[in-house]
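J.: Quick one: this structure, given as structure tokens, is what I'll be asking you about.
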Amino acid sequence: AQSVTQLDSQVPVFEEAPVELRCNYSSSVSVYLFWYVQYPNQGLQLLLKYLSGSTLVKGINGFEAEFNKSQTSFHLRKPSVHISDTAEYFCAVSAPQGGSEKLVFGKGTKLTVNP
Amino acid sequence: DTAVSQTPKYLVTQMGNDKSIKCEQNLGHDTMYWYKQDSKKFLKIMFSYNNKELIINETVPNRFSPKSPDKAHLNLHINSLELGDSAVYFCASSLRGTSDYEQYFGPGTRLTVT
């Protein structure tokens, strides 16, 4: 069965500092990985996804993530954060079931960017 | 021109009542989902429908009954509401058989049971 572990429940950083949000996964089948962002009182928006190919994936808003198969990780990074990046970030793995795909989410990491 | 829409956005009701949440997508997708986000922000799938057929039912109580009148709509009816049903419910959609695998989420419905 697929599972996702987000190692940090909260990450406080100062504006313009770099940030890394950690994600480890467990999967017995082909891996499709996603990072979603949830701004306060809003729905989920896709930041980036890894399906195949290059292990370095670039997403929206300056975020990128690196797929590491040997370490079963998919960490999210941004070189310089803004106040507006304050949000909840969810790592997810796509798990096939009954001919469909479901997303299995980690418990989320709350990123707080301070001035 | 919202891609995935849900109504209502907020729903406050008393224990024992029956309520419905509606979801519509205009993306031409054929697969729709319901996810539940609890008070600790944990997201878990409840149901998945493909072309009006139930594909995934993730051990959800029988009080929850999804209905898909067509592939653009997936509604969620909840009977005999309990305090533990308080959560944010997200609808999502995707297109099966593509290499995309992305699910598009609605804005959520915050259900509060008192």
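Bear in mind these aren't lab numbers, they're just calculated from the coordinates by the rules spelled out. None of the values given here were measured: they were computed from a predicted structure. Counting neighbours? That spans all protein chains shown, and the Cβs are built from the backbone with ideal geometry, glycine included.
J.: If r is the Cβ-Cβ distance from A:Ser9 to B:Asn26 and R0 is 41 Å, what FRET efficiency results, to the nearest 0.05?
T.: 0.70
J.: Using unit Cβ charges (K, R positive; D, E negative) and no other charged atoms, how large, in debye to the nearest 20, is the dipole of chain A about its Cα centre? Could you put the intermediate results ahead of the total?
T.: Working: 9 positive and 9 negative charges, 62 e Å.
Computed about the Cα centre, the dipole is about 300 debye.
J.: With the contact rule set at Cα under 8 Å and sequence spacing of 6 or more, what percent relative contact order holds for chain B?
T.: Relative contact order comes out at 37 percent.
J.: So which trypsin sites (Lys or Arg not before Pro) in region B:19-114 are both in a DSSP loop and have at most 10 other Cβ atoms within 10 Å of their Cβ?
T.: B:Lys40
J.: Report the far tail of the P(r) of chain B, meaning the percent of Cα-Cα pairs longer than 17 Å.
T.: So the pairs more than 17 Å apart make up 51 percent of the total in chain B.
J.: Quick check: the distance between the Cα centres of region B:54-113 and region A:12-82, to the nearest angstrom?
T.: 25
J.: How large is ³J(HN,Hα) for each residue in region B:46-54, as worked out from phi by the Karplus curve 6.51 cos²θ - 1.76 cosθ + 1.60 (θ = phi - 60°), to whole Hz, x for Gly and Pro?
T.: 10, 9, 9, 10, 10, 6, 6, 9, 5
J.: Per the Kirkwood definition applied to all pairs of different Cα atoms, how many angstroms is the hydrodynamic radius of region A:1-58?
T.: By the Kirkwood definition, the hydrodynamic radius is 13.7 Å.
J.: Sticking with this structure for a sec: How many lysine pairs are close in region A:3-114, with Cα atoms under 18 Å apart and the two 8 or more places apart or on different chains?
T.: Taking the Cα cut-off of 18 Å, the pair count is 8.
J.: Quick one: what does P(r) look like for the protein assembly as shown with 10 Å bins over all Cα pairs, in whole %?
T.: Final binned percentages: 8, 33, 35, 20, 5, 0.
J.: With N residues in chain A, what two-decimal value do you get for its Cα radius of gyration over 2.2 N^0.38 Å?
T.: 1.03
J.: Moving on to the next point. Of the trypsin sites (Lys or Arg not before Pro) in region A:1-77, which ones lie in a loop per DSSP and count no more than 11 other C-beta atoms within 10 Å?
T.: A:Lys69
J.: Among A:Ser27, A:Ser94, A:Ser84, which one shows the highest mean-square fluctuation when chain A is modelled as a Gaussian network with alpha-carbon springs under 10 Å?
T.: Comparing A:Ser27, A:Ser94, A:Ser84 in the GNM, the peak value goes to A:Ser84.
J.: May I pose another question? Which residue fluctuates the most in chain A, going by a Gaussian network model with Cα springs under 10 Å, if the choices are A:Gly98, A:Gly59, A:Gly43?
T.: Of A:Gly98, A:Gly59, A:Gly43, the most mobile in the Gaussian network model is A:Gly98.
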